[in-house]
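Structure, as structure tokens:
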Ligand SMILES: C[S@@+](CC[C@H](N)C(=O)[O-])C[C@H]1O[C@@H](n2cnc3c(N)ncnc32)[C@H](O)[C@@H]1O
């Protein structure tokens, strides 16, 4: 019998069938999760537990580069955001930083921007940070959005998609809620190569979990972060999954040597 857990990106022969480990990744798998439901529950609990320190840790651990990534992502959808009456959904919005960056780039008086997340304490912080804006918020699971079909011109997600319990189901749900021709932008961590990649991996796998656990006072989430990035599909595979879900013109743009990157696609 072949177990898939230890196959690291390689092709393995099993009873004359070639199986790629990447191809069988369904979604996030936090420690102890045995199926998609328990994975989603563990992810929600994890983010709820770190919500009070989430923003501080984000800025400290990324040396504030996170702010540049959110702004760059919002800027890259400037053509949609500058349209009057643009309808935008920011999935897995957390404490709302990308949602706020999108709002700043939009025509504030006429656009409708909605942030969605299933961790109540994260969303509560987004609500507190957005006083005085026209942003709207909904507590919802990204795999079962309480919105009708073909509603949005743009759906985004920053550092959230990787945590979904089922990536293909997540992509299908994004396609469902986008209007034909609407665009999707998924910003997430990558794995830089070369010399920078070697240094970065030491930081990401050892320094970041230690500092994150110390400041948040919670052990699990900052160990889960590097593991979830390692497990996430490569850019090539993610783009193939996007095409299979119904996106065209798919692309991936690396940010900061590939430490992060933006996946884009258009609903055909
Ligand atoms: C790393 S945080 C990112 C937050 C924010 N977008 C940012 O850039 O800082 C991931 C967020 O995704 C949310 N999330 C994960 N899976 C989700 C799901 N299935 N439905 C809704 N939110 C989800 C978590 O609750 C968490 O707030």
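Read-outs throughout are calculated quantities, based only on the coordinates presented, and are distinct from any laboratory measurement. The structure displayed is predicted, hence computed values, not measured ones. Note: ideal-geometry Cβ built from the backbone for every residue, glycine included; neighbour counts use all protein chains shown.
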Fewest-first sequence of 100, 164, 68 by Cβ atoms within 10 Å of each Cβ: 68, 100, 164
Tail fraction, Cα-Cα pairs, the chain, threshold 27 Å, whole percent: 36 percent
Max mean-square fluctuation residue, GNM over the chain, Cα-Cα springs under 10 Å, options 247, 204, 161: 204
Value at 222 nm in deg cm²/dmol, rounded to 500, when DSSP H runs of n ≥ 4 in the chain each add -39,500 (n - 2.57): -12500 deg cm²/dmol
Proxy reagent accessibility, fewest Cβ within 10 Å first, across 156, 253: 253, 156
Per-selection Kirkwood Rh - segment 175-261 (Cα, Å, 1 d.p.): 14.8 Å
Relative contact order computed over segment 36-267 (Cα-Cα under 8 Å; 6+ residues apart), in percent: 19 percent
Residues 267, 129 arranged by fewest to most Cβ contacts within 10 Å: 129, 267
Gap separating the Cα centres of segment 203-268 and segment 43-67, nearest whole Å: 15 Å
